[in-house]
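So the structure is just underneath, and the comments pick up after that.
The values are calculated or read from the model by the stated rules, or taken from the named source; none is laboratory data. Computed from a predicted model, the values in this text were never measured in an experiment. Here the Cβ positions follow ideal geometry from the backbone for every residue, glycine too, while neighbour counts run over all protein chains shown.
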Amino acid sequence: MTARKSDEYMKIESTYGAHNYHPIPVVISKAEGVWVWDPEGKKYLDMLSCYSALNQGHRHPKILKAATEQMATLTLTSRAFYNDRLGPFLKKLTDLAGMEMALPMNTGAEAVETGIKLARRWGYQVKKVPEGEAEIITCANNFHGRTTTIIGFSTDETAREEFGPFTPGFKVIPYDDVEALEAAITPKTVAFLVEPIQGEAGVKVPSEGYLRKIREICTKHRVLLMLDEIQTGFCRTGRIFCFMHEGIKPDILLVGKALGGGLMPISAVLSSKEIMSVFTPGSHGSTFGGNPLACAIGTAALDVLIDEQLDLKSAELGAYFMKQLQDLNSPLFKEIRGKGLLIAVELKPEAGQARKYTEALMRNGLLAKETHESTIRFAPPLVIKKHEIDEAIRIIAKVLR
């Protein structure tokens, strides 16, 4: 029997690549829109969207066009010089978010690290916290990245084990607990770093009014509200940003993933002119952050979100998808939760681990990923159509049977 190309690719990756991932056993070699194909030509419906980095779908033609046109003229300058793409890109991004200034970076983790530095320096210069004593409050079951500073305030022991010593200056409180936040704040608290929906924790949606209450508490105690919308931003939850559901505004907004339009890593930290003014020449930087190619791609990625009204589409189709999942009435489902097209199904203990279901979905032409041991996340590209959701439901129902 002739060996499959997929098996060869998986074997060579396993031989030469570090084993810090446990991928679903499928090789993706081609993609368009919400569909991907393996080397053997089998077609799959992508219900993960690269953890929401593909909100505009795979290889969106407008974003590809912007990238190829920019590659023909200029790709990289560093921030030692100005370039003609950065200013217009940052204006579009800040206008969309209702913020005043932005600092461009590359990965989501870089955005979080930048936000931490920004909050601490603001704390020392403006709030007058004693040097070296700034505190940032975070939440249990958070996911903000993989750097040594970030994993230091993670509660996931798999992420932390044998990577210490860790950076001090962080307090961890329960998520969706406004009383715990108020109790944790001291005169040395400079920021509260929180996800408006905890994605990697299993799409944990907080109580109605949570964002409004934490906004009030942070304002009252002169603490910066720093929202990590790297996964929830850019129309994923049915609004352009998740914080817009409750009509609030953060002091610091962290974005990434879909800002890169599925082509390259692009992230940013957004804030007010007053807060951002604590950064001065030489105090922070990035060789690739704000490069002309990234700016062209990011601008096109934002245009697609706006022009195709993907926030409205996410809200409408997310509600439809959740209703279809509920109508399955599966005895294996413990809970279905989500907002927009960020949806999770938590399985009952008797269902067994989620991994066997995600592998079965893969064999039937649908790609999703388990998070922790009991939850399956469904987060398709926002360009998905209703009949494609119907196809997903058909496959899910078949696997559950």
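Restricting to the stretch 296-352, give me the number of residues that are in a strand (DSSP E or B) and closer than 20 Å to CYS50 by Cβ.
Count: 6.
Working only within the stretch 353-379, note down all residues that are part of a helix (DSSP H, G or I) and under 21 Å from the mean Cα position of the chain (by Cα).
Passing the criteria: only THR358.
Which condition number in (1) within 19 Å of the chain's Cα centre (by Cα); (2) more than 25 Å from PRO381 (Cβ to Cβ) is the one that TYR124 fails?
Tallying (1) within 19 Å of the chain's Cα centre (by Cα); (2) more than 25 Å from PRO381 (Cβ to Cβ), TYR124 fails exactly one: (1).
Could you tell me which of the residues LEU54, LEU74, LEU64 is assigned to a loop (DSSP other than H, G, I, E, B), within 25 Å of the chain's Cα centre (by Cα) and surrounded by 14 or more Cβ atoms within 10 Å (Cβ to Cβ)?
Only one candidate qualifies: LEU54.
Using the structure shown, decide if LEU382 is closer than 30 Å to SER78 by Cα and either in a strand (DSSP E or B) or not small (Gly, Ala, Ser) (or both).
Details: closer than 30 Å to SER78 by Cα: no; either in a strand (DSSP E or B) or not small (Gly, Ala, Ser) (or both): yes.
When the stated conditions are applied, LEU382 does not pass them.
Just a yes or no: is a residue in the stretch 245-259 surrounded by fewer than 24 Cβ atoms within 10 Å (Cβ to Cβ), under 25 Å from PRO61 (Cβ atoms) and at pLDDT 95 or above?
no
Any idea how many residues of the stretch 77-114 are basic (Lys, Arg) and in a helix (DSSP H, G or I)?
The qualifying residues number 2.
Just checking, which of PHE192, PHE143 is within 19 Å of the chain's Cα centre (by Cα), surrounded by 17 or more Cβ atoms within 10 Å (Cβ to Cβ), outside any loop (DSSP other than H, G, I, E, B) and not assigned by TED's automatic domain parsing to the domain that holds TYR21?
PHE192
How many of the residues in the stretch 49-73 are farther than 30 Å from LEU341 by Cα and in contact with a Lys or Arg (Cβ under 8 Å, 6 or more places away or on another chain)?
1
For (1) surrounded by fewer than 22 Cβ atoms within 10 Å (Cβ to Cβ); (2) at pLDDT below 95; (3) closer than 30 Å to ALA300 by Cα; (4) of a type outside the set (Asp, Glu), each residue gets a yes or a no:
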| position | (1), (2), (3), (4) |
| --- | --- |
| TYR320 | yes, no, yes, yes |
| LYS323 | yes, no, no, yes |
| ILE336 | yes, no, no, yes |
| GLU346 | yes, no, no, no |
| GLU391 | yes, no, yes, no |
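Being hydrophobic (A, V, I, L, M, F, W, C) and either at pLDDT below 95 or part of a helix (DSSP H, G or I) (or both) is the filter here; which residues of the stretch 25-51 pass it?
Residue satisfying the conditions is CYS50 alone.
Which pairs do you get when a residue that is over 14 Å from MET276 (Cβ atoms), found in the stretch 100-113, comes within reach of a residue that is aromatic (Phe, Trp, Tyr) and part of a loop (DSSP other than H, G, I, E, B), reach meaning Cβ atoms under 6 angstrom, with the pair 6+ apart or on two chains?
ASN106/PHE288
Only one residue in PHE241, PHE279, PHE288 is among the aromatic types (Phe, Trp, Tyr) and closer than 14 Å to ALA111 by Cα, so which one is that? First the steps, then the outcome.
On the way: PHE241 fails: closer than 14 Å to ALA111 by Cα; PHE279 fails: closer than 14 Å to ALA111 by Cα.
The unique qualifying residue is PHE288.
Among the residues of the stretch 356-373, which ones are under 23 Å from PHE143 (Cβ atoms) and buried (at least 20 other Cβ atoms within 10 Å of the Cβ)?
Scanning the stretch 356-373 gives TYR357, THR358, LEU361, ALA368, LYS369, GLU370, THR371.
Is the stretch 159-167 home to any residue that is crowded, with 24+ Cβ neighbours inside 10 Å and either in contact (Cβ under 8 Å) with a residue 24 or more places away in the chain or outside any helix (DSSP H, G or I) (or both)? Steps first, answer last, please.
As a first pass, look at the stretch 159-167 and keep what is crowded, with 24+ Cβ neighbours inside 10 Å: none.
No: zero hits.
Go through the stretch 1-57 and count every residue that is closer than 30 Å to SER314 by Cα and of a type in the set (Asp, Glu). Can you show your working first?
Taking the stretch 1-57 as the starting set, the residues that turn out to be closer than 30 Å to SER314 by Cα are 21-38, 41-57.
Now narrow it down to the ones that are of a type in the set (Asp, Glu): 32, 38, 46.
Count: 3.
Filter the stretch 1-16 for residues that are at pLDDT below 95 and over 15 Å from PRO39 (Cα atoms) and give the result.
Taking the stretch 1-16 first, the residues at pLDDT below 95 are 1-4.
Of everything in the stretch 1-16, just one residue is at pLDDT below 95 and over 15 Å from PRO39 (Cα atoms), namely MET1.
Please work out which one of (1) touching a residue at least 60 places away in the same chain (Cβ under 8 Å); (2) outside any loop (DSSP other than H, G, I, E, B) is the condition PHE243 fails and give its number.
(1)
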